[in-house]
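Everything on this sheet refers to the single structure shown next.
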Amino acid sequence: MLDPVAIDTDLREEASALLRRLVACDTSNPPGRETQAVAILEDYLAAAGLECERVAKDPERANLIARLPGRGSGPSLAFLGHFDVVVARREEWSVEPFAAVERDGAIWGRGTVDMKGQVAASAVALAALAREGFRPAGDLMLLVMADEEVGEAEVGAPYFVEQRPDLCPDFVVGEGAGERYDTTAGPVYLLDHGVKATATATVTVRGRPGDASLSDAGPNALYEVGRLLARLEAYRSPVRIPAQVEPLIDALAPGDAPPHERLAAARVTHPAIDRVFGALVGTTFQPSVLEAPAPQNVVPATATLTIACGPLPGTTGEQLEAELREALGDGEYEIELTTPPKGGSISDEDSPLRDAIEEFLGAEDPQARLIPTLGYGYSDCHVLREAYGCIAYGFIPFRYGDAVVNLETKHGADERVLVDDLEFQTRAALAIARTIGSQE
Ligand SMILES: [Zn+2]
């Protein structure tokens, strides 16, 4: 028997070396080119004796299945990750975004949190199990998808599940939640067992073209967009509390009053929790692109605004469009839902997978509670849930890092993961895989 402390030191170093190699592959989406990172991961996993298989529509954008085969006598478990990352604007970063610099106990770089860190952690966990000769009852897998962040190329998870209807893991652990919030009501980790939906709307505003050297030419479509944006910014979506969010309110602000009366008390327990709640109890609207394709000397006759929408599960396209119209108010514009609501699937909150996660936290961080809730952003967990009917949870534990820093940097600048957290994620993956893999 090896000394467990020695094992941890090795796993920590292994996960951090692997993560740094993965971050160094620039897989900004678009164009993605995830296969570079897939090749590194295959090389690492094959050396530990795991089976690897690519599922690729575009050879430069492969998805990967890595497998520690089971005996066929128990449930299968898949860790689900993605290799594409959102674009990094170098000038906004204080370090090179793809250099994987280690500083202040953290690895810095695009994708360290979202989500090459989790891919490295679960790869190291499966490699460790393979090397020790662990034979699980059901298959233990790592699935790494391309094109999660954009999805327009249709080479990622939707293509994957179409090609591999046979795979059907019973349990899936992906992204979506897992930060530790040290709230005034005690420390909690969130387990996301379903996601809000996402949708995209475009708002086209009409004006009249004219000579830009005349101050009264127009109307100028951009001024009208400005008025609509001001209304959208001031708009507050009516509070609706999905049933899946009630356990979080119960945990942070217990009492007999109805959940909507306890919501405010639950929100003030932690600044990051407050922001998460902001997304979970109503529709979110965020304008993300504005285009007015006129030459610089012509008053634009049209302008198009793209709005990222986050409706609650079950919201129809018509309902979403009606709410957006209400938020924008009167004016000369047309709304088109270019992507109707997708997502919104929910897995049962009680399962052997939740038990396995709770067992790990009980041993490592006994004061903290695990609270099931909804995820606020889209993730590939939804695609697997729909295709396979599996239990899929978003849970990547960050025991040590500041939840607010995670929230602000993962699609922003200076994204980084503490090496302590990477080790914690590796230990979590190892414990969860061992627990599920031992169930007949
Ligand atoms: Zn992600």
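The values are calculated or read from the model by the stated rules, or taken from the named source; none is laboratory data. Quick caveat: nothing in here was measured; it's all calculated off a predicted structure. Here the Cβ positions follow ideal geometry from the backbone for every residue, glycine too, while neighbour counts run over all protein chains shown. Each accessible area value is taken on the protein alone, full model and side chains, heavy atoms only, with ligands, DNA and RNA left out. Shrake-Rupley method; radii C 1.70, N 1.55, O 1.52, S 1.80 Å.
Here residue 272 meets each of (1) in a helix (DSSP H, G or I); (2) farther than 17 Å from residue 371 by Cα with one exception, condition (2). Report whether or not residue 384 is open to solvent by less than 30 Å² (accessible area, probe 1.4 Å), under 18 Å from the mean Cα position of the chain (by Cα) and away from the ligand (no atom under 15 Å from the Cβ). Judged against the criteria, residue 384 is not a match. Pairs, please: C-beta under 7 Å, at least 6 apart or cross-chain, first residue over 19 Å from residue 102 (Cβ atoms) and in the stretch 399-419, second open to solvent by 60 Å² or more (accessible area, probe 1.4 Å)? Filtered contacts from the stretch 399-419: 404/271; 407/275.
If I ask for residues that are more than 16 Å from the ligand (Cβ to nearest atom) and either open to solvent by less than 40 Å² (accessible area, probe 1.4 Å) or of a type in the set (Phe, Trp, Tyr) (or both), which ones from the stretch 387-396 would you list?
Step one: list which residues in the stretch 387-396 are more than 16 Å from the ligand (Cβ to nearest atom), which gives 387-391.
Correct list: 388, 390, 391.
Apart from one condition, residue 146 fits all of (1) open to solvent by 10 Å² or more (accessible area, probe 1.4 Å); (2) within 16 Å of the ligand (Cβ to nearest atom); the exception is (1).
In the stretch 386-419, what residues are modelled with pLDDT under 95 and either polar (S, T, N, Q) or in contact with a Gly (Cβ under 8 Å, 6 or more places away or on another chain) (or both)? Listed by number, the residues that qualify are 406, 409. Can you go through 204, 200, 184 and tell me which one is more than 16 Å from the ligand (Cβ to nearest atom), surrounded by fewer than 20 Cβ atoms within 10 Å (Cβ to Cβ) and under 19 Å from residue 343 (Cα atoms)? That would be 200, the only listed residue that is more than 16 Å from the ligand (Cβ to nearest atom), surrounded by fewer than 20 Cβ atoms within 10 Å (Cβ to Cβ) and under 19 Å from residue 343 (Cα atoms). Taken over the stretch 397-422, the criterion of being within 16 Å of the ligand (Cβ to nearest atom), among the β-branched types (Val, Ile, Thr) and over 18 Å from residue 270 (Cβ atoms) is satisfied by 417 alone.
Picking from residues in the stretch 261-309 that are hydroxyl-bearing (Ser, Thr, Tyr) and in contact (Cβ under 8 Å) with a residue 40 or more places away in the chain, the one that is surrounded by the most Cβ atoms within 10 Å (Cβ to Cβ) is 283.
Residue by residue through the stretch 147-173, note down the ones that are assigned to a loop (DSSP other than H, G, I, E, B) and either touching a Ser or Thr at 6+ places or on another chain (Cβ under 8 Å) or of a type in the set (D, E, K, R) (or both). Those that are assigned to a loop (DSSP other than H, G, I, E, B) and either touching a Ser or Thr at 6+ places or on another chain (Cβ under 8 Å) or of a type in the set (D, E, K, R) (or both): 147, 148, 149, 152, 154, 164, 166, 168, 169, 170. Of all residues in the stretch 310-332, those satisfying the criterion of being open to solvent by less than 30 Å² (accessible area, probe 1.4 Å) and within 19 Å of residue 227 (Cα to Cα) are 323, 324, 327, 328, 329.
For the stretch 111-133, the set of residues classified as more than 16 Å from the ligand (Cβ to nearest atom), farther than 13 Å from residue 10 by Cα, out of contact with any Gly (no Cβ under 7 Å at 6 or more places or on another chain) and hydrophobic (A, V, I, L, M, F, W, C) consists of 123, 126, 129, listed by residue number.
Of the listed requirements (1) open to solvent by 50 Å² or more (accessible area, probe 1.4 Å); (2) farther than 30 Å from residue 171 by Cα; (3) within 20 Å of the chain's Cα centre (by Cα), residue 108 misses just one: (1).
Pick out the one residue from 194, 138, 176 that is assigned to a loop (DSSP other than H, G, I, E, B), more than 16 Å from the ligand (Cβ to nearest atom) and crowded, with 19+ Cβ neighbours inside 10 Å.
138
Got at least one residue in the stretch 91-114 being in the same structural domain as residue 14 (by TED's automatic domain parsing) and part of a helix (DSSP H, G or I)? Yes; the residues of the stretch 91-114 include at least one that is in the same structural domain as residue 14 (by TED's automatic domain parsing) and part of a helix (DSSP H, G or I). Apart from one condition, residue 369 fits all of (1) within 16 Å of the ligand (Cβ to nearest atom); (2) touching a residue at least 40 places away in the same chain (Cβ under 8 Å); (3) among the charged types (D, E, K, R); the exception is (1).
The set of residues from the stretch 149-159 being buried (at least 20 other Cβ atoms within 10 Å of the Cβ) and away from the ligand (no atom under 14 Å from the Cβ) comprises 155, 159. A count restricted to the stretch 56-87 and to residues that are assigned to a loop (DSSP other than H, G, I, E, B), open to solvent by 10 Å² or more (accessible area, probe 1.4 Å) and not β-branched (Val, Ile, Thr) stands at 14.
Considering only residues that are away from the ligand (no atom under 16 Å from the Cβ) and of a type in the set (D, E, K, R), which ones fall in the stretch 66-84? 67, 71, listed by residue number. State whether the residues of the stretch 123-142 include one that is over 25 Å from residue 48 (Cβ atoms) and touching a residue at least 60 places away in the same chain (Cβ under 8 Å). No: the stretch 123-142 contains no residue that is over 25 Å from residue 48 (Cβ atoms) and touching a residue at least 60 places away in the same chain (Cβ under 8 Å). A count restricted to the stretch 149-174 and to residues that are touching a His at 6+ places or on another chain (Cβ under 9 Å) and modelled with pLDDT under 95 stands at 1.
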